[in-house]
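Values quoted throughout were computed directly from the atomic coordinates according to the rules given, and no laboratory measurement underlies them. Being a predicted model, the structure only gives us computed values, none of them experimental. Here the Cβ positions follow ideal geometry from the backbone for every residue, glycine too, while neighbour counts run over all protein chains shown.
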Amino acid sequence: MTWIEALILGIIQGLTEFLPVSSSGHLEIGSVLLRAQSSDNLLFAVTVHLATALATITVFAKDISSLIREIVKFQWNESTQFAVKIVFSMIPVFVVGVFWKDEIESLFVGNIGLVGGMLLITGVLLLYAHFKRTGTKEVGYVSSLIIGVAQAFAVLPGISRSGSTIATALILGIEKSKAARFSFLMVLIPILGASLLELKDYAENPTLHAIEPSSLVIGFVAAFVSGFFACKWMISIVKKGKLTFFAVYCFIVGLIAIMASL
């Protein structure tokens, strides 16, 4: 992977991580178009996902610091309950990561037909959420687990993590801004954990990976910068309820990907 390819793919990751169009799916399509396929696609994907996780931390710095201050008081307050709900949401993706890690890795091989099909599913989910009556509920313990199941399905390239989790929250009747906030914060620990483990493996055995460290750095920076602005934009989009545009986009790109794979 050249530095130009890493830059382009990093920007794609940053923009699409927060927009409901599947960053992993776009990385797979981008890798095929740029012919940047290698056995280290997953390593690069994890690296740029780490960058967008840090972009999320930057955008929600005040929320996160406030949560931490309240949690360390060791009281059963609103912030502590919110943290417990975040933990609930992580259970499904943890189970998937532990028991189906190899199967997940096998999906990152440039199968744009699969990506296209999953993008169509993402589009349907976004459309359904758009036409659902706007809710006013808070995120509950059961709903956090259900949203976590949606996040677990998003390990499939083409299923948007932000799209599936936000859409699921809206379908459950959760208020728009609360749905977006929970969706972006719930992914931090799983992504940071997976990223650090993958990068630790890379640091211990760099000769086993074909990708250059410079490409990882360039992709990381590009994903962080573009992700920072995309995150802020997505919060505004969810509040305005304009998910149909992304549903149409997913349908178009999904169909093109399927036809290109034939």
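Observations, loosely collected:
- With θ taken as phi - 60° and the Karplus curve 6.51 cos²θ - 1.76 cosθ + 1.60 applied, the whole-hertz 3J(HN,Hα) list for the range 211-217 is 6, 7, x, 4, 5, 5, 5 Hz, x standing for glycine and proline.
- Largest GNM mean-square fluctuation across V98, V221, V115, computed for the chain with C-alpha springs under 10 Å, falls on V98.
- Gaussian network model of the chain, springs between alpha carbon atoms under 10 Å - residue of K137, K178, K240 with greatest fluctuation: K240
- Residues in the range 132-165 that a label on W233 would reach, taking backbone N under 19 Å of a point 7 Å out along Cα→Cβ: 160-164
- Dividing the summed helix terms, -39500 (n - 2.57) for each DSSP H run of n ≥ 4, by the number of residues in the chain produces a 222 nm estimate of -25500 deg cm²/dmol to the nearest 500.
- Potential lengthening between H130 and E103 on full extension [0.36 nm per residue; Cα-Cα distance subtracted]: 6.5 nm
- With contacts taken as Cα pairs under 8 Å and at least 6 residues apart, the chain reaches a relative contact order of 39 percent.
- Cα-Cα P(r), the chain, percent of pairs per 10 Å interval: 8, 31, 38, 19, 5, 0
- Proximal lysines to K242, defined as alpha-carbon separation beneath 25 angstrom and excluding residues fewer than eight positions away on the same chain: K132, K137, K176, K178, K232
- With K and R counted +1 and D and E -1, the other residues having a Cβ less than 11 Å from that of E175 yield a net charge of +4.
- Excluding same-chain neighbours fewer than eight residues apart, the lysines reachable from K101 by a Cα-Cα span under 28 Å are K85, K200.
- Top of S195, S160, S24 by mean-square fluctuation, Gaussian network on the chain, Cα under 10 Å: S195
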